[in-house]
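One structure is given here, and the rest of the page talks about it.
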Amino acid sequence: MLSHEERLKRSAATMSIVSNTTLMIFKLVVGFYVGAVSIISEAVHSAVDLIAAIIAYYAVRTSAKPPDGHHTYGHGKMENLSGAVEALLIVGAAIWIIIEAAEKLGSSEMPTYLSYGIWVMGISIIVNLFVSERLMRVARKTDSQALEADALHLRADVWTSGGVLVGLVLMEITGMAWIDPAMAIIVAFIIFRAGYKMTVKSANDLTDHALPPEEEAVIIGILDSHEAVQEYHYLRTRKSGNYRFIDVHIVMDKNMTLEKAHRVSEQIEDLVKAKLSPVSIIIHMEPTGEEKTPRKR
């Protein structure tokens, strides 16, 4: 049976697929009818968002599977992998838009029926604002990188749609045809920036980058404040999907009974889980008197 968090993630991912499909069709139809490359570039952006939403939906379904014989640490990396694929799609779409728009910069042909484009961009902004806010709320609540990537795509879409909307209005007022491809190029650079940031974030998690400094500070604070912990070393952290993995060696009084040492270990685990859940923490206990390695890593 699915948990409440998994139902939230699937519901949000489904909503994103529906909204991106609808907007992509509207933008494509209006873009080709009006003949505005900026609107077509936005349709491409929505198509990328649609693919990203489908990947995110698959990722949140797969990452929820429990560990098995082939994935003993669970399937959380699927969310990180989906984020990386989405980021590459964004970068590819941005490059395509720049190439297409650059070819039309010297054209003096004005798009027709600009009011249709203005309307579809306005509707796109409203829809994407609503959907992106919903996705980001669920992503933060469930710590889902796949949904966060999807939300960031739609937020970028809001800004780019806003830019295209302004460009269409200016063209309607001034009659300057070059504004259309110029706005498309600006849209592409915004899309590229979002893709680059997401690529870096996904790569960090896929390569077992340590947890953020503020999260490691929580772990260190717990270890430093526990009266039974005389020293700690070999602190290592990483993340898989929304799941954190921590292992650390702690030094305690060599005269402490195994039962008490185990109880201390459980106390530390509970304190960490209360702050950074979901988390898996492995503690290696060592007695005083053994050679110690440097503090922290």
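May I ask for the longest run of the chain untouched by GluC sites (Glu not before Pro) that are loop-located per DSSP and have at most 11 neighbouring C-beta atoms (other than their own) within 10 Å?
110-226
Give me the log10 of I(q) over I(0) for the chain at q = 0.08, 0.12, 0.15 Å⁻¹, as the Debye formula computes it from C-alpha points; what are the numbers?
-0.47, -0.80, -1.04
Translational diffusion coefficient of the stretch 213-287 at 25 °C, 0.890 mPa s, Stokes-Einstein with Kirkwood Rh over Cα pairs, in µm²/s as a whole number.
For these conditions, the coefficient is 196 µm²/s.
Count the DSSP beta bridges whose two residues both fall in the stretch 213-287, then state the antiparallel fraction as a percent rounded to the nearest 5.
45
For a 27 Å ceiling on Cα separation, which of these pairs sit above it: K9/K275; K141/K273; K104/K201; K141/K260; K141/K197; K27/K239?
Violating the 27 Å Cα-Cα cut-off are K104/K201; K141/K260; K27/K239.
How large is the direction-averaged shadow of the alpha-carbon convex hull of the stretch 109-197, in nm²?
5.8
Where in the stretch 197-297 are there chymotrypsin sites (Phe, Trp or Tyr not before Pro) that are in a DSSP coil and have at most 11 other Cβ atoms within 10 angstrom of their Cβ?
none
What whole-number value in cubic angstrom gives the convex hull volume per residue for the C-alpha atoms of the stretch 177-260?
Cα convex hull per residue, to the nearest whole number: 109 Å³.
To the nearest 20 debye, what charge dipole does the chain have about its Cα centre, counting +1 at the Cβ of each Lys and Arg and -1 at the Cβ of each Asp and Glu?
280
Among the DSSP beta bridges whose two residues both lie in the chain, what percent are antiparallel, rounded to the nearest 5?
45
Each reported figure results from applying straightforward, stated rules to the coordinates on display, with no laboratory input. It should be emphasised that the depicted structure is a prediction, and the values quoted were computed from it without experimental measurement. No Cβ is skipped: glycine too gets one built from the backbone with ideal geometry, and neighbour counts run over all protein chains shown.
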